[in-house]
Amino acid sequence: MIGSISIKKRLLLVAASTLTLVLVLLYGSLATLSPEESGEIIQQVNELLRDINVWKIFLNNFQIALLMFIPAFGTFIGGYIIYSTGMVFAAYSTQLNIPAIYFIGLAMLSPYGVLEFLGYGLATSEGVLLIYSALKKKLRSEAKALPLIILAVAGLLLIAAALEMLTIELL
C-alpha cells in the first residue's frame with residue numbers, strides 16, 4: 001500500500017487517468033481550424049521553442065503536473081491543457097495537410113510522450129485519490145504518500161524532458 005490505497009488500485013487509476021488524457025488529446029486534435037487559426041497557433045509554438053532546453057521543458061511540464069494534483073480543479077485544468085496540446089496537433093495537421101492522428105501516434109509512441117502521459121496520469125489520479133481519501137477520512141495517510149508521488153512525477157517528467165530535447169536536437 002502507498003498511502004490509503006493499494007498499489008493495484010492505484011495503478012488501475014493511473015492507467016485510466018492516462019488513457020483519459022490521451023483521449024482528450026485526441027479530441028483536441030480533431031478540432032477544425034482555419035488556416036489563419038492554425039498559423040497563429042504554430043507561431044505561438046515556435047516562439048515557445050525558440051530558446052528551448054531540458055530545464056524549460058521539464059519546468060513547463062512539471063508546472064502542468066503540479067496543477068493536476070489539485071483535487072477536482074486540477075483534473076479540469078489538466079484536461080484543458082491537454083486539449084490545447086491536441087489543438088496544436090490540429091494546427092500542424094491543417095498547415096501540413098497530414099492527418100492529426102499521425103502526430104498523436106508519433107507523440108504517444110515516443111519514449112518521452114509515454115513518460116509524460118504517465119506522469120500526468122499519475123498526477124491526475126493522485127488528485128482524485130486525495131478527494132477519495134478525504135471522504136474516507138484517510139487523508140492523513142494519503143498526504144504522507146503525496147511527496148513520494150510528486151517525486152515520481154518529477155522523475156518521469158525529467159527523463160521525458162531529456163529524451164524530448166534529444167529528439168529535438170536530432171531532428
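The values are calculated or read from the model by the stated rules, or taken from the named source; none is laboratory data. It should be emphasised that the depicted structure is a prediction, and the values quoted were computed from it without experimental measurement. Methodologically, a virtual Cβ is constructed for each residue, glycine included, from the backbone with ideal geometry; neighbour enumeration extends over all protein chains shown.
Computed values, structure above
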{"read-out": "Any chance A134 is over 18 Å from the mean Cα position of the chain (by Cα) and touching a residue at least 40 places away in the same chain (Cβ under 8 Å)", "value": "yes"}
{"read-out": "Which numbered condition S133 misses (of (1) in contact with a Leu (Cβ under 6 Å, 6 or more places away or on another chain); (2) under 22 Å from L59 (Cα atoms))", "value": "(2)"}
{"read-out": "Residue that is surrounded by the fewest Cβ atoms within 10 Å (Cβ to Cβ) [pool: residues in region 27-37 that are part of a helix (DSSP H, G or I) and touching a Phe, Trp or Tyr at 6+ places or on another chain (Cβ under 9 Å)]", "value": "Y27"}
{"read-out": "Residue check, L66 over 30 Å from S34 (Cβ atoms) and not polar (S, T, N, Q)", "value": "yes"}
{"read-out": "Qualifying residue in region 61-74 (condition: modelled with pLDDT of 95 or more, surrounded by 15 or more Cβ atoms within 10 Å (Cβ to Cβ) and in contact with an Asp or Glu (Cβ under 7 Å, 6 or more places away or on another chain))", "value": "yes"}
{"read-out": "Test: E164 is under 16 Å from G3 (Cα atoms), touching a residue at least 24 places away in the same chain (Cβ under 8 Å) and acidic (D, E)", "value": "no"}
{"read-out": "Search result, residues across region 46-74 that are in contact with a helix residue (DSSP H, G or I) (Cβ under 6 Å, 6 or more places away or on another chain) and assigned to a helix (DSSP H, G or I)", "value": "V54, I57, F58, N61, F62, I64, A65, L67, M68, G74"}
